[in-house]
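Everything on this sheet refers to the single structure shown next.
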């Protein structure tokens with residue numbers, strides 16, 4: 001283990017989050033992906049996760065274990081059960097199989113009113129009625145706090161204990177640890193301040209106003225009706241022995257919105273599975289690109305066709321936050337790219353996928369019908385291929401190959417007629433749809449409204465085409481039939497020029513799979529590339545300037561980068577993909593977990 005990965009001593013580390021055994025967002029990936037590094041640092045006997053028993057599929061990823069061990073956690077579990085608590089104690093069935101303790105929040109529903117009263121009187125944290133998620137976090141926090149109380153009672157100061165809690169949803173035990181004067185060191189990590197996310201979505205001058213100290217946190221939190229959550233976040237930040245966040249950008253938010261400077265930055269990492277041979281990555285790219293080809297043929301070729309050998313696939317993905325995720329800038333840049341490719345007569349097509357989550361009624365039935373008919377065309381072509389092979393073999397076996405047989409001799413007329421009729425019935429004069437699903441209210445959708453206003457509507461003459469897919473990509477999806485990571489590998493470029501992004505896993509996921517990506521200097525990941533890797537350009541990672549650049553200049557910068565990418569020689573793009581995959585080691589947890597170790601060492605010294 002590298003020297004900077006060593007803890008000064010081995011404490012008992014209890015790590016808590018709402019996303020433990022509960023896949024909600026990016027924090028789930030953070031927690032799960034670094035487990036092997038945690039275990040190699042503190043050991044299985046000194047690590048346990050804690051979270052909610054709420055996920056519908058928790059039984060599939062959780063395996064109960066015996067609580068009869070002599071270790072501190074097992075003793076605490078037994079003691080709590082003896083006092084009537086329902087404690088789910090077992091192992092999380094992910095890499096490393098760490099120990100985990102889960103509580104059902106609703107077990108405390110009978111005293112929710114008392115819990116709210118206690119947090120108000122002890123920590124000035126207000127509450128409101130009718131928010132189920134907020135109530136669940138309070139009831140979970142009550143049980144986790146009781147766990148820490150019992151843990152401290154049994155330990156009696158014999159071993160150092162660190163409670164590392166993530167985000168406001170697991171932050172409430174921290175001020176209680178301090179109020180009860182428990183002999184437990186508390187670390188709090190905020191991955192994005194809740195108030196910062198709201199302000200960024202609603203104030204175009206967010207960053208200027210933030211650094212000028214314009215915002216009154218209580219007034220703004222009240223305005224957005226998130227005062228209780230922000231109060232929890234502030235209480236956890238101020239109560240923690242060590243306060244951390246994931247990037248320098250978020251550290252500025254913490255200073256002005258939470259009122260405390262951070263003690264350490266803990267950037268997010270990813271597990272890199274590297275190939276021994278470079279061609280393996282290229283082979284996977286070709287395999288999954290073919291799957292995307294099949295989707296594109298079903299989506300576009302019913303109306304018109306274009307050369308797939310001269311087609312590039314861009315994509316952007318993430319939570320549907322039109323401005324924060326940079327969807328608006330991406331669309332503006334694509335509109336400009338479309339114009340540049342037309343004016344310069346560049347014979348390339350760019351299909352850009354917007355993969356996000358938005359309410360919809362169903363997959364567009366015309367889309368499904370088109371895929372079904374394309375499947376029939378495939379079956380007819382397969383039958384033709386078989387017929388050609390069999391008949392040509394028969395002719396060759398007779399020695400009659402001095403003249404190549406005609407297509408009429410090799411393919412029965414019935415198959416040729418069936419193919420012609422099927423293709424004719426499939427063809428349509430309508431424009432290809434932008435969205436693959438029927439949205440619940442497409443008249444108010446920002447992506448669709450931009451397309452309508454800009455005229456980027458998938459005309460045949462457009463060099464840039466849009467596909468808006470308002471659902472997760474998975475192997476169960478009838479349109480793609482591949483998982484998200486496979487979809488990423490099949491694309492050529494990931495585009496994520498976020499306006500507000502505390503970290504940004506999506507460009508990292510691209511890099512880990514050898515796919516070039518665009519981020520921005522307002523994303524924690526982009527800031528890390530510039531400031532921590534000490535370079536302005538990493539091969540395959542483009543950082544668009546947004547911090548001190550207006551919207552139009554940023555859009556033009558992105559459009560120009562896209563144009564250069566499209567006009568790059570194919571051989572050079574392949575070479576770039578290989579280089580990208582090799583440079584991904586910078587973002588592996590084996591490199592980045594040292595920042596967590598540094599934070600724990602700071603905590604142990606206090």
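The values are calculated or read from the model by the stated rules, or taken from the named source; none is laboratory data. Computed from a predicted structure; not experimentally measured. Note that each Cβ is placed from the backbone with ideal geometry, even for glycine, and that neighbours are counted across all protein chains shown.
For region 552-587, a residue qualifies if it is in contact with a strand residue (DSSP E or B) (Cβ under 7 Å, 6 or more places away or on another chain) and within 28 Å of residue 268 (Cα to Cα), and the qualifying residues are 554, 557, 558, 561, 565, 583, 587. Determine whether region 104-122 contains at least one residue that is modelled with pLDDT of 95 or more, in contact with a helix residue (DSSP H, G or I) (Cβ under 8 Å, 6 or more places away or on another chain) and either outside the structural domain of residue 177 (by TED's automatic domain parsing) or not in a helix (DSSP H, G or I) (or both). Within region 104-122, none of the residues are modelled with pLDDT of 95 or more, in contact with a helix residue (DSSP H, G or I) (Cβ under 8 Å, 6 or more places away or on another chain) and either outside the structural domain of residue 177 (by TED's automatic domain parsing) or not in a helix (DSSP H, G or I) (or both). Among the residues of region 222-265, write down those that are over 21 Å from residue 134 (Cβ atoms), out of contact with any helix residue (DSSP H, G or I) (no Cβ under 6 Å at 6 or more places or on another chain) and either in a helix (DSSP H, G or I) or at pLDDT below 95 (or both). Scanning region 222-265 gives 250, 251, 252, 254, 255.
Of all residues in region 342-355, those that are touching a helix residue (DSSP H, G or I) at 6+ places or on another chain (Cβ under 7 Å) and either surrounded by 20 or more Cβ atoms within 10 Å (Cβ to Cβ) or free of Cβ contacts under 8 Å to residues at least 24 places away in the same chain (or both) total 5. Residue-level analysis places residue 77 among those that are farther than 21 Å from residue 32 by Cα and in contact with a strand residue (DSSP E or B) (Cβ under 7 Å, 6 or more places away or on another chain).
Picking from 479, 457, 448, which residue would you name as being outside any loop (DSSP other than H, G, I, E, B) and touching a residue at least 12 places away in the same chain (Cβ under 8 Å)?
Values: 479 fails: outside any loop (DSSP other than H, G, I, E, B); 457 fails: outside any loop (DSSP other than H, G, I, E, B).
Sole residue among the options that is outside any loop (DSSP other than H, G, I, E, B) and touching a residue at least 12 places away in the same chain (Cβ under 8 Å): 448.
Go through region 125-144 and give me each residue that's touching a helix residue (DSSP H, G or I) at 6+ places or on another chain (Cβ under 7 Å) and either in a loop (DSSP other than H, G, I, E, B) or surrounded by fewer than 20 Cβ atoms within 10 Å (Cβ to Cβ) (or both).
125, 126, 127, 128, 134
Residues in region 378-397 include at least one that is assigned to a helix (DSSP H, G or I), within 25 Å of residue 312 (Cβ to Cβ) and free of Cβ contacts under 8 Å to residues at least 40 places away in the same chain. Scanning region 513-526 for residues that are closer than 26 Å to residue 264 by Cα and buried (at least 24 other Cβ atoms within 10 Å of the Cβ) returns 519, 520, 522, 523, 524, 525, 526.
Is it the case that residue 60 is in the same structural domain as residue 157 (by TED's automatic domain parsing), over 29 Å from the mean Cα position of the chain (by Cα) and either surrounded by fewer than 18 Cβ atoms within 10 Å (Cβ to Cβ) or not in a strand (DSSP E or B) (or both)? Spelling it out, it is not the case that residue 60 is in the same structural domain as residue 157 (by TED's automatic domain parsing), over 29 Å from the mean Cα position of the chain (by Cα) and either surrounded by fewer than 18 Cβ atoms within 10 Å (Cβ to Cβ) or not in a strand (DSSP E or B) (or both). Meeting the requirement of 1 or more residues that are under 23 Å from residue 314 (Cβ atoms) and touching a residue at least 12 places away in the same chain (Cβ under 8 Å), the helices (runs of 4 or more DSSP H) wholly within region 489-606 are 505-512, 524-531, 551-566, 570-583. Residues of region 479-503 that are touching a strand residue (DSSP E or B) at 6+ places or on another chain (Cβ under 6 Å) and farther than 30 Å from residue 251 by Cα: 491, 492.
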